[in-house]
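What follows is a single structure, written as structure tokens, with notes after it.
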Amino acid sequence: MTKPADSVVLKTTCCIAGGGPAGMMLGYMLARSGVKVIVLEKHADFLRDFRGDTVHPSTMEALYELGLLEDFLKRPHDEVTELSGRIGETLVKVADFSHLPTHAKFIAFTPQWEFLDFLSQAGQRFPEFQVMMSAEAVDLTQTNGRITGVKVAAKDGPLTIEADVVIAADGRHSTLRDKAGMAVTDLGAPIDVLWMRLPRKRGDPGEALGNIGTGYVFVMIPRGDYFQCGFVVRKGGYDDLRKRPLKDLRERIAKIVPFMADRVETLKRWDDIKLLTVTIDRLERWWRPGFLCIGDAAHAMSPVGGVGINLAVADAVAAANALASPLARGILRDANLADVQYRRQRAVRLMQSLQLAIQDRVISAALDSAAPIDPPAIVRLLNGFAPLRRLPARVIGLGFRMEHVRTKDIHAR
Ligand SMILES: Cc1cc2nc3c(=O)[nH]c(=O)nc-3n(C[C@H](O)[C@H](O)[C@H](O)COP(=O)(O)OP(=O)(O)OC[C@H]3O[C@@H](n4cnc5c(N)ncnc54)[C@H](O)[C@@H]3O)c2cc1C
């Protein structure tokens, strides 16, 4: 008799959907504490561009506490201790990380696949850690209102994974939070980002990450021999741009960053430019019995400030702290899941409010402006008084609530 197609059933303690920063960090930390984990990642590899590039001091402090920082910093990265930007014609310094009370007093700019691959490799030493690539979580299984597992479309066919708890870390378009019927509040993001690469040469002026001026916001992130660039447009603006020849966009970029004039020709076709939609939203409730959302699945972050990865990691650290022991002992209660939301939601709300304010008052204002733009008073103050630049560095680098590792490595001798 042939078996039904979905008859393969695996059992684990924690099944995490999504091998992004939140999912990989939580998977690593739970396995380190002796909890059996399966992390599902729908793609075959971590090699995608759109994930963001920043690993902040708070995340590196967690890596330090896990004994991983030294090895992580052997991966390719650029260390940035000060954030600067060009507003109109003026170069301004806005944040100084060199005084933070952390072991890494800088932002590490590194392609996110390096960070994810690093965690995936580091987790291999734990027998409890399993990452399944090309495995998409497509649905949940439930019994009497409690979520009991995940249905997976894996490369070798469908399977069901039964687990004591299912974690949705599957990002801002989370399938599992929809399947769980979680109510999402959209906070509105009127912008999108066109993501592209431009060559980087020795001797390029390196200091301005953000360029804000009359009608434009253009971000340049150094990555080895190229810049990962983000050209911010109003929602729907991409379609308008595409009605015009690509050369118009090249000319605009060359005007914003004149030293790029001889390199914009490397943008040969519209396929060289990816549209990344920006979303800011959050769940009112992050959990249901047997189920918890973390990272962008619980609260999608905008790219403003480059803080989304670090909030996702902070959620993961808080979740591991709250869940590792009850899961290892088989006594998980709903209150443990509620604790994670309780601990994290205020810091998330504050950061989203800040992102919305910057989005409306700085980014949208610049995109809509026809008059020359000067740095606002607060930015001039930061630029003029170096000690003040420690404050934005704390908010960006540590967030509103830093999470410390409170779990044990049961494999340590
Ligand atoms: C244009 C743009 C630029 C950004 N730049 C930065 C930046 O520089 N720095 C920063 O800190 N933040 C940045 N962000 C925000 C940041 O990307 C997110 O906040 C962060 O990645 C959230 O991490 P996460 O692990 O929760 O989700 P994600 O990083 O989205 O990871 C989710 C993972 O789940 C996988 N997945 C999805 N669905 C399924 C499924 N059904 N089954 C299995 N796997 C699934 C995905 O493939 C992905 O690997 C940016 C956002 C945008 C839109």
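The values are calculated or read from the model by the stated rules, or taken from the named source; none is laboratory data. Remember, predicted model here, so these are calculated numbers, not experimental data. Backbone-built Cβ (ideal geometry, glycine too); neighbour counts: all protein chains shown.
Selection of the range 199-221 for residues being surrounded by 17 or more Cβ atoms within 10 Å (Cβ to Cβ) and either within 14 Å of the ligand (Cβ to nearest atom) or not polar (S, T, N, Q) (or both) yields Arg200, Ala208, Leu209, Gly210, Ile212, Gly213, Tyr216, Val217, Phe218, Val219, Met220, Ile221.
In the range 97-137, what count of residues is obtained for those that are farther than 23 Å from Ala168 by Cβ and charged (D, E, K, R)? Looking only at that region, the number is 3.
Scanning the range 34-67 for residues that are of a type in the set (Gly, Ala, Ser), buried (at least 19 other Cβ atoms within 10 Å of the Cβ) and either more than 7 Å from the ligand (Cβ to nearest atom) or over 15 Å from the mean Cα position of the chain (by Cα) (or both) returns Gly34, Ser58, Ala62. Within the range 291-301, being under 23 Å from Ala95 (Cβ atoms) and within 6 Å of the ligand (Cβ to nearest atom) holds for one residue alone: Met301. Restricting to the range 363-385, what's the tally of residues that are out of contact with any Lys or Arg (no Cβ under 7 Å at 6 or more places or on another chain) and surrounded by 12 or more Cβ atoms within 10 Å (Cβ to Cβ)? Total satisfying the criteria: 12.
Any idea how many residues of the range 302-340 are among the polar types (S, T, N, Q), in a helix (DSSP H, G or I) and within 15 Å of the ligand (Cβ to nearest atom)? Reasoning before the result, please.
Filtering the range 302-340 for residues among the polar types (S, T, N, Q) gives 302, 310, 321, 325, 336.
Of the ones still in play, those that are also in a helix (DSSP H, G or I) are 310, 321, 325, 336.
Narrowing further to those that are within 15 Å of the ligand (Cβ to nearest atom): 310.
Number of matching residues: 1.
All conditions but one from (1) out of contact with any Leu (no Cβ under 9 Å at 6 or more places or on another chain); (2) outside the structural domain of Ile147 (by TED's automatic domain parsing) apply to Thr266; the one that does not is (1).
In summary, Arg285 fulfils each of the numbered conditions (1) surrounded by fewer than 17 Cβ atoms within 10 Å (Cβ to Cβ); (2) outside the structural domain of Tyr342 (by TED's automatic domain parsing) with the single exception of condition (2).
Of all the listed residues (Val152, Val165, Val94), the sole one being modelled with pLDDT under 95, buried (at least 18 other Cβ atoms within 10 Å of the Cβ) and assigned to a strand (DSSP E or B) is Val94.
Being in a loop (DSSP other than H, G, I, E, B), among the hydrophobic types (A, V, I, L, M, F, W, C) and more than 23 Å from the chain's Cα centre (by Cα): is that true of Ile378 here? Answer is no for this residue.
Being buried (at least 20 other Cβ atoms within 10 Å of the Cβ), in contact with a helix residue (DSSP H, G or I) (Cβ under 9 Å, 6 or more places away or on another chain), of a type outside the set (Val, Ile, Thr) and within 14 Å of Ile167 (Cα to Cα) is a description that does not apply to Ala300.
From Leu198, Leu209, Leu276, which residue is under 27 Å from Met301 (Cβ atoms), touching a helix residue (DSSP H, G or I) at 6+ places or on another chain (Cβ under 8 Å) and not in a loop (DSSP other than H, G, I, E, B)?
Working: Leu209 fails: touching a helix residue (DSSP H, G or I) at 6+ places or on another chain (Cβ under 8 Å); Leu276 fails: touching a helix residue (DSSP H, G or I) at 6+ places or on another chain (Cβ under 8 Å).
Exactly one residue qualifies, and that residue is Leu198.
Exactly one residue out of Leu119, Leu83 is surrounded by 22 or more Cβ atoms within 10 Å (Cβ to Cβ) and in a strand (DSSP E or B): that is Leu83.
In this structure, Asp178 qualifies as surrounded by fewer than 17 Cβ atoms within 10 Å (Cβ to Cβ), of a type in the set (D, E, K, R), free of Cβ contacts under 8 Å to residues at least 40 places away in the same chain and within 11 Å of the ligand (Cβ to nearest atom).
If you take the residues of the range 258-273 that are outside any helix (DSSP H, G or I) and touching a residue at least 24 places away in the same chain (Cβ under 8 Å), which of them is nearest to the chain's Cα centre (by Cα)? Break it down stepwise before answering.
Step one: of the range 258-273, the residues outside any helix (DSSP H, G or I) are 261-263, 267-269, 273.
Of the ones still in play, those that are also touching a residue at least 24 places away in the same chain (Cβ under 8 Å) are 263, 267, 273.
Values: Arg263: 29, Leu267: 26, Ile273: 20 Å.
Among those residues, the one meeting the criterion is Ile273.
Of all the residues in the range 45-66, those that are under 17 Å from Pro111 (Cα atoms) and assigned to a loop (DSSP other than H, G, I, E, B) number 10. Of note, Leu159 does not satisfy the criterion of being assigned to a strand (DSSP E or B) and surrounded by 21 or more Cβ atoms within 10 Å (Cβ to Cβ).
The rows are residues; the columns are (1) within 11 Å of the ligand (Cβ to nearest atom); (2) touching a helix residue (DSSP H, G or I) at 6+ places or on another chain (Cβ under 6 Å); (3) in contact (Cβ under 8 Å) with a residue 40 or more places away in the chain.
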| site | (1), (2), (3) |
| --- | --- |
| Arg86 | no, no, yes |
| Lys93 | no, yes, yes |
| Pro101 | no, no, no |
| Phe109 | yes, no, yes |
| Trp113 | yes, no, yes |
| Met133 | yes, no, yes |
| Lys151 | yes, no, yes |
| Asp156 | no, no, no |
| Val166 | no, no, yes |
